[in-house]
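The values are calculated or read from the model by the stated rules, or taken from the named source; none is laboratory data. Keep in mind that this is a model prediction, so the values were computed, not measured. FYI the Cβ positions are ideal-geometry reconstructions off the backbone, even for glycines, and counts take in every protein chain you see. Note: accessible area is taken over every heavy atom of the protein model, side chains too, but ligands, DNA and RNA are not part of it. Shrake-Rupley method; radii C 1.70, N 1.55, O 1.52, S 1.80 Å.
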Amino acid sequence: MKRRNFIMGSAAGMAAASLASPMSILSSCAPVPEKPKTPLNICFQEGIAIGNNLQEKLDYMESLGVTGLEVGGRGLKNRVDELNKAVEGRNIKLSAICAGFDGFILAEDPEVKAAFDNSMREIIAAAGAIGSPGVIMVPAFNGQKPCKPHTFETRQYLCEELFKLGEYAKECGTTVILEPLNRRECFYLRLVGDAAAICRDTNSEGVKCMGDFWHMQEETSDYAAFMAAGTKYLQHVHIASRGRRLTPTEDGEKDNYIDGFRALKEMGYQGHVSFECGCEGDRAVVLPKAIELMRAQWEQA
Ligand code: MG
């Protein structure tokens, strides 16, 4: 009985103490803070939107609630004023810049490498001038030859070259974004996690990576791929249907983005999910359906 009394007494005592504790009053009365909701920021590449000119395209995008425009890098320096004016007063931001440079970073030929450096730096400067989050690049497409061999030394060289480019991009107020592709297009860089590891080893805040749902057929898990990059490195996302690289919904049940969306939501990804895809049907019908599907799957994720 003594032991029981002790237990009862101590339990009552603990209850009384916890009732009296200001911390417990706080924890029981204070509302549980809600995690901020991650928005789904949808973006179109310039060729996706319907319209005869940029203004019409932007009007159309606004009507669908699309908040990002992704343009190509070629000739970007001549479009800085046009693009800045076009989005003025709109709920649309200029998003990542899609490549458009000459040469490639892993070129063996010094002239080809110089062409890359010069054209890439020109695009980076223009990207900074339009407030873009970064310029998308691939280290080397399979067909680009002669290319430095796929060795440890080449990876180190890539990190050193990317560091210089990344620091320049940072000065310009933007970044360079590594895009992993599927093995048929770019054996060198196929996985989002590998691109993120290159960002880490490059150690420049101006070097980021992205994921493209089409190329992410290489991944064993969309969720793990995005999580491996996290918000520290993930700067952009491309989307397409998952069977034939058409518009989301055009490949039916294959067009499931929930696993990847769950990662983007959980990590609080603030960048764009940008349409980079063809379209088999009537875009006026398919695009609104694609956006509806993405929003439904984002909710579900
Ligand atoms: Mg892509």
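Assorted remarks:
- Between 0 and 90 degrees, the angle of helix 283-300 with respect to the longest Cα principal axis of the chain falls at about 30 degrees.
- Sites listed here are trypsin sites (Lys or Arg not before Pro) in the stretch 256-301 whose DSSP assignment is loop and whose Cβ has at most 12 other Cβ atoms within 10 Å, and the list is empty.
- A 1.4 Å probe run over the stretch 124-178, with the rest of the protein chains in place, finds 44 Å² accessible per residue.
- Alpha-carbon centroids, the stretch 146-221 and the stretch 51-121: separation in whole Å: 19 Å
- Here the Gaussian network model covers the chain, with springs between Cα atoms less than 10 Å apart; of T38, T174, T151, T151 fluctuates the most.
- Solvent-accessible area, 1.4 Å probe, carbon plus sulfur percent, for the chain: 55 percent
- When the charge dipole of the chain is built from unit charges on Cβ atoms (+1 for Lys and Arg, -1 for Asp and Glu) and taken about the Cα centre, the candidate among T220, I42, Y188 whose Cα reaches farthest toward its positive end is T220.
- Among the listed pairs K208/K289; K93/K289; K35/K265; K254/K289; K170/K208, those with a Cα-Cα distance over 20 Å are K208/K289; K93/K289.
- Cα-centre dipole for the chain with unit charges at Cβ (Lys and Arg positive, Asp and Glu negative), debye to 20: 1380 debye
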